[in-house]
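One structure is given below, encoded as structure tokens.
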Amino acid sequence: MASPRPPRRLLLSLASILVFASLSTGSALGLSLSAAESSAGAAAPQAAAVTFSEEFDGPAGAAVDGARWQVETGDNVSNHERQYYTAGNRNAALDGQGHLVITARRENPDNYQCWYGRCEYTSARLNTAGRFTTTYGRVEARMKVPRGQGMWPAFWMLGNDIGQVGWPASGEIDVMENVGFEPATVHGTLHGPGYSGSGGIGAGYTLPGGQAFADAFHTFAVDWSPNAITWSVDGTVYQRRTPADLGGRQWVFDKPFFLILNLAVGGYWPGDPDGSTAFPQQLLVDYVRVSTDTTQPGGAGPITGLAGKCVDVAGANTANGTAVQLYDCNGTAAQQWAVGADGTIRALGKCLDVASGGTADGTPVQLWDCNGSAAQQWAVPAARDIVNPQANKCLDATGGSSANGTRLQIWTCTGAAQQKWTVTR
């Protein structure tokens, strides 16, 4: 479901973003330009940047690296947020233990003025506009979110062309948002022309067993490739979006985007803090990393599972409906699988397919002509699950058996060994 909120939070300081976003991304860091930026005639976008790794190492109280991050200032009337974002290290500082701490405080030491009058809260918001952009790749952050009514932490991206085309035509990818009244749930959302604000395309992920995201660090990621974006929490995939999800509206996610981290207070979606909300609250960020690895390699190789055995096309038969099974690895073409940027997993020129597009536990998988259907879409996150997003179920060795000929199926993801696979690239 789309996150139920109005148009995106744009600050009074947005002008500074637009200036930086309009600059060449070939900065002093030596970041490479994307194909879209460097050659108008390029046939297809390429991975846009060298790996970005921000570990937030440094002495306690130090500000973030200004060569990588700019710190925004101002309030935000667009969402009726209550905070004033401050400069420097007042509310965004290293803790000396490898974390960035973004702090929201109930204070106004400098008589800041907000859209509603004298500001009641301060916090911080950082972005990489003009410093770093990426097109495709794995974008992830390990974070511990705050808790309490009115808290709204987020890790997200905006299209680098926002200065030219505006929002939402620029596109927005929300890797993670959490609102305080949903302590166990985070949201991942796409915004673009015709599907922005409360009409964004997305879904939520809820921790099991009554856990709260504020209780521990969690890793939030998107794996982003041409025409596909997959969201995961701690390696568990919970949604995958492609142009087919937009109902004919424009897909604006094949170009450079920059990163944003912030902790908002109040607003239309989370609501304002109340008497139960303790201050200060903190968003702790262990790291932010971007790599050109989308977990979708172009080559073919074996996929191994229980007892080191291989995912195998029975009898090397290319007929539609041929069973896919577990078998001793033998190096044959029946065990060579290519994980494509289009979300398919292919062998012998055909696709790994959920029989009849089923979503029930125990539905077998098979080989079938590639047809672009949801039954042939797979996500391969770092946690080694292979997930069919339509069913939200994992590739599974039936009965937990490692015997030769064990049929593979889809089953509710449990984290069991029979659902763990190693894709050889």
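The values are calculated or read from the model by the stated rules, or taken from the named source; none is laboratory data. Being a predicted model, the structure only gives us computed values, none of them experimental. Note that each Cβ is placed from the backbone with ideal geometry, even for glycine, and that neighbours are counted across all protein chains shown.
Does ILE260 fit the bill of being in contact (Cβ under 8 Å) with a residue 60 or more places away in the chain and either under 19 Å from ALA141 (Cβ atoms) or not aliphatic (A, V, I, L, M) (or both)? Yes: the conditions hold for ILE260. Each residue in the range 235-256 was checked for being of a type in the set (Val, Ile, Thr) and assigned to a helix (DSSP H, G or I), and 0 pass.
Scanning the range 96-119 for residues that are crowded, with 19+ Cβ neighbours inside 10 Å, in a loop (DSSP other than H, G, I, E, B) and free of Cβ contacts under 8 Å to residues at least 40 places away in the same chain returns a single hit, TYR112.
Residues that are buried (at least 24 other Cβ atoms within 10 Å of the Cβ) and closer than 23 Å to ILE102 by Cα within the range 128-137 comprise THR128, ALA129, PHE132, THR133, listed in sequence order. Note on the range 138-221: enclosed strands (runs of 3 or more DSSP E) holding 3 or more residues that are modelled with pLDDT of 95 or more and surrounded by fewer than 23 Cβ atoms within 10 Å (Cβ to Cβ) are 201-206.
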